[in-house]
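S.K.: This is the structure, below, for whatever I ask next.
The values are calculated or read from the model by the stated rules, or taken from the named source; none is laboratory data. Since the structure is predicted, the reported quantities are computational estimates derived from the model, not experimental observations. Cβ atoms come from the backbone with ideal geometry, glycine included; neighbour counts cover every protein chain shown. Just so you know, the surface numbers come from the protein's heavy atoms only, side chains and all, with ligands and any DNA or RNA stripped out. Shrake-Rupley method; radii C 1.70, N 1.55, O 1.52, S 1.80 Å.
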Amino acid sequence: MTYPPPPLGQADELSPVDYLLHRGEAYPATRSAFLGVELLDRPADWGRLREAMDRASRVVIRMRQKVVVPPIPVTPPQWVVDPDFDLDYHLRRIALPAPGTLRQLLDLAEVTLQSPLDTSRALWEAVYVEGLEGGRAALLSKFSHAITDGLGGIALFEQVYDTERDAPPRPMPPVPIPRDVTGTDLVRSGVRRLPETTLAAGWKLAGRTAGIAGRLITAPVPTVAEAIGFAGSAQRVLSPSPTARSPLLRGRSLVSRTHVLEVPLADLRAAAHAAGGSVNDAYLAALSGGLGRYHEALGVPVDELPLALPVSLRTADDPAAGNRITGITIAAPVGEPDPAERIRLVREQVIARRSEPALDVLDRIAPVLSLLPDAALEAITARLIAADIQASNVPGYGQETFLAGARVDRQYGMGPLPRVAMMAVLISRAGICTVTFRYDTASFIAPDQLEKSLQLGFDEMIELGRPRPSRRGARK
């Protein structure tokens, strides 16, 4: 069958950042897929679930597209609707052996996330899991970071969720037109369009140069000062780390484990309010407190750890697909015993880092990085990612949501481990915050102590937000 020629518009080209994330899928240390674990109050209707995922793949076209890379970089890689798309490959159904505990489910999710995605297909997969204790079920949803970021994933699943248990059926959109395209086809198209794209790039560069020249003539001092300020900001943003790494967390392996806990959103917000911070500040301060306790328990106390945070650059006009993120690194105050002071120190650093003029520097250098061979790219990314811990905060849905007749009771987010010892992800949903800690077992060699320390760190933070008795009440 002959399909129409591939579209060469900007919307179907991988951005340089997305292409870097796609290339990282080939190596365990740089895989960027993330996975959501959704606990359901009862088994979902399999037919309705399959229909919901099919509909979502027709609305969010990225779910039916694969990446085609030209063997010669005369044109960017393209998202192409896969002519061999098979929903039954991407959506699977299994059952846990008895007793079907949360621990078994998390271990299954670990294996699912560690397994590489098939880059010759659409870059996602979902596993519907039955047999959980209490008559419950779960859905594991894994997406390559090249498809979208965390906030984009939340928007994407709006196509799957219902707001009531017995929601009326939605109309099924038509199947997207497939494109039978190879990398060689992209090279041919790129060569044919080379004069046109070269001319367009030249005009763009000339326009930018003329704009800078005009600013230098009309306002030379502010323009030069801005350029110098941006250069200094870029150096700070790209600096390896604001503090030394922990001697306890140097080990790296291919074995990881996941631990979860949950706290009421209102309690975390009260703790933040008590110290003049945000929910995110309280979350990072609680995580820091737990990590500090772990180091003390193992006899290697430290004052600070490098902690990396993704920062969303997404606006209301951005589509759900694609990445609009950057990253900052702070010195997590793990040795500070006062939780309120810990919140203040975290907040001060996060505000300063988020205010950097060169916050989007990754978007600016990604076109150059994407052209480097794998060995050179590995060396650069190893230098840029020098944190011990990564932590992410993803706001979820404020209302109840349903999936094919089953209510979503809890949602846990499992992130990648890009050369870090731990990835922590907080998701707030319907008044409950779940915190998922995915950690390298070669870095954290005492898992029982780690889990106890993390719980104490969050318990201490919740206690900060509880009302204190008045003096009269205390005397009584």
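S.K.: Could you tell me whether the stretch 25-129 comes out rounded, prolate or oblate from its Cα gyration tensor? Rule is a ≥ b ≥ c as square roots of the eigenvalues, rounded for a/c under 1.5, then prolate if a/b exceeds b/c, otherwise oblate.
M.R.: On the way: a/c = 3.09, a/b = 1.56, b/c = 1.99.
Cα axes put the stretch 25-129 in the oblate bin.
S.K.: How many percent of the accessible area of the stretch 253-298 is carbon or sulfur, using a 1.4 Å probe?
M.R.: Ligands and nucleic acids excluded, carbon and sulfur reach 54 percent.
S.K.: Once label points are set 7 Å from the Cα along Cα→Cβ at both Ile72 and Ile177, what is their separation, rounded to one decimal in nm?
M.R.: A separation of 2.9 nm, rounded to one decimal place.
S.K.: Around Ala406, with a cut-off of 13 angstrom between Cβ atoms, what is the net charge of the other residues, counting Lys and Arg +1 and Asp and Glu -1?
M.R.: That works out to -3.
S.K.: Right, here's the next one. Using a cut-off of 10 Å between beta-carbons, work out the net charge of the residues near Thr101 (Lys and Arg +1, Asp and Glu -1, Thr101 not included).
M.R.: Residues near Thr101 contribute -1 overall.
S.K.: What is the spin-label model distance, in nm, from Asp54 to Asp118 if the labels are put 7 Å beyond Cα along the C-beta direction?
M.R.: Rounded to a tenth, the inter-label distance reads 2.0 nm.
S.K.: Tell me, what is the per residue accessible area of the stretch 44-112 in Å², probe radius 1.4 Å?
M.R.: With the other protein chains kept in place, the stretch 44-112 gives 41 Å² per residue.
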